[in-house]
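The values are calculated or read from the model by the stated rules, or taken from the named source; none is laboratory data. Note that the structure is a prediction, hence the values are computed from the model and not measured. Neighbour counts run over all protein chains shown; Cβ positions are idealised from the backbone, glycine included. Side chains are part of the model used for accessible areas, which takes the heavy atoms of the whole protein and leaves out ligands, DNA and RNA. Shrake-Rupley method; radii C 1.70, N 1.55, O 1.52, S 1.80 Å.
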Amino acid sequence: GQDDTDRIKVTVGKALSERMTVKYETESKSGEMLQRAIAEYKLMENILLSGFQDSKGFFGGEFKFRLEFR
């Protein structure tokens with residue numbers, strides 16, 4: 001596999017409401033810095049809508065389905 005010992009990643013976030021969360025992520029990988037802003041919105045109890053944009057100009061979104069067993 002690939003050695004990731006030179007990779008550092010820090011994520012901070014804030015829950016703005018019960019449904020909305022914003023996060024800021026910075027990552028140093030192989031000497032290159034990447035920053036990303038992420039917004040998550042909880043549509044239903046198990047379905048999240050997430051969108052991001054990073055410092056290289058890439059952006060995207062995804063639906064997440066979360067299933068928890070207790």
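Tabulated results
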read-out: Filter result (open to solvent by less than 50 Å² (accessible area, probe 1.4 Å) and closer than 20 Å to GLU68 by Cα) within the stretch 20-41; value: THR21, GLU40
read-out: Qualifying residue in the stretch 33-50 (condition: out of contact with any strand residue (DSSP E or B) (no Cβ under 9 Å at 6 or more places or on another chain), free of Cβ contacts under 8 Å to residues at least 12 places away in the same chain and not in a strand (DSSP E or B)); value: yes
read-out: Residue among PHE63, PHE69 that is open to solvent by 80 Å² or more (accessible area, probe 1.4 Å), within 15 Å of the chain's Cα centre (by Cα) and on the phi < 0 side of the Ramachandran plot; value: PHE63
read-out: Failed criterion for SER17 (all others in (1) open to solvent by less than 80 Å² (accessible area, probe 1.4 Å); (2) part of a strand (DSSP E or B) hold); value: (2)
read-out: Search result, residues across the stretch 12-42 that are closer than 20 Å to GLY57 by Cβ and of a type outside the set (D, E, K, R); value: VAL22, TYR24, THR26, SER28, SER30, GLY31, MET33, LEU34, GLN35, ALA37, ILE38, ALA39
